[in-house]
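I have placed the structure first, in the form of structure tokens, so that the comments after it can refer back to it.
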């Protein structure tokens, strides 16, 4: 049975992939990586690699995509397939780093609120924002991650490298997916990634925001299944 490792994004838990786990759980050996408690993308990646004795497919969303790219760079002999959802190959700009540092400081003042109503439009499409159940799931994930891990994860993102040079040497099948309403990692970044890998397929989902695995569960499940099929052919 093919091993599939799923890597959540910032302020996200395994609930981010609940629909994919339910749909693919009997077909694949699925593990959701625990990337809490660390403030370094390389350390997160090394923790994943050390746990695996054989090859695996890895897929990450947003920050999870940064970790997945680092795993593929550090252990290409183990990564048989790479899925990159709603993510980027670029490092943060200085302006974006300052914005993240400001968010860290704000999170330390008073009660940590996780994902606030003000932040939600950056994570979900206008249509998804009307889904009260989905909105509550997003807010519950952030509350579970908490302020300490929010700080650690933001620090990891701030200090991540530019992954684009790594793509040229990647020799595994790659699936790249992004919603066309994604404000945090817009489609242009996924298109750039697609241009860098030699064996990649790009999927753009109309009307979908940043948390694509929750907004478009069936489409993301299809992409994961296609990635595994490409690996096993």
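The values are calculated or read from the model by the stated rules, or taken from the named source; none is laboratory data. Model, not experiment: these values are computed from the prediction. Cβ placement follows ideal geometry from the backbone for every residue including glycine, while neighbour counts extend to all protein chains displayed.
Out of all the residues in segment 213-220, is one or more in contact with a helix residue (DSSP H, G or I) (Cβ under 7 Å, 6 or more places away or on another chain) and in a loop (DSSP other than H, G, I, E, B)?
Scanning segment 213-220 turns up no residue that is in contact with a helix residue (DSSP H, G or I) (Cβ under 7 Å, 6 or more places away or on another chain) and in a loop (DSSP other than H, G, I, E, B).
Could you check segment 190-200 and list, in sequence order, the residues that are within 15 Å of residue 227 (Cα to Cα), touching a residue at least 24 places away in the same chain (Cβ under 8 Å) and buried (at least 17 other Cβ atoms within 10 Å of the Cβ)?
197, 200 - these are the residues of segment 190-200 that are within 15 Å of residue 227 (Cα to Cα), touching a residue at least 24 places away in the same chain (Cβ under 8 Å) and buried (at least 17 other Cβ atoms within 10 Å of the Cβ).
Out of 203, 185, which single residue is more than 28 Å from residue 233 (Cα to Cα), crowded, with 17+ Cβ neighbours inside 10 Å and either at pLDDT below 95 or touching a helix residue (DSSP H, G or I) at 6+ places or on another chain (Cβ under 9 Å) (or both)?
Of 203, 185, the one residue that is more than 28 Å from residue 233 (Cα to Cα), crowded, with 17+ Cβ neighbours inside 10 Å and either at pLDDT below 95 or touching a helix residue (DSSP H, G or I) at 6+ places or on another chain (Cβ under 9 Å) (or both) is 185.
Go through segment 135-193 and give me each residue that's touching a strand residue (DSSP E or B) at 6+ places or on another chain (Cβ under 8 Å) and part of a helix (DSSP H, G or I).
187, 189, 190, 191, 193
Mind checking which residues of segment 70-125 are under 16 Å from the mean Cα position of the chain (by Cα), surrounded by 14 or more Cβ atoms within 10 Å (Cβ to Cβ) and farther than 22 Å from residue 44 by Cα?
123, 124
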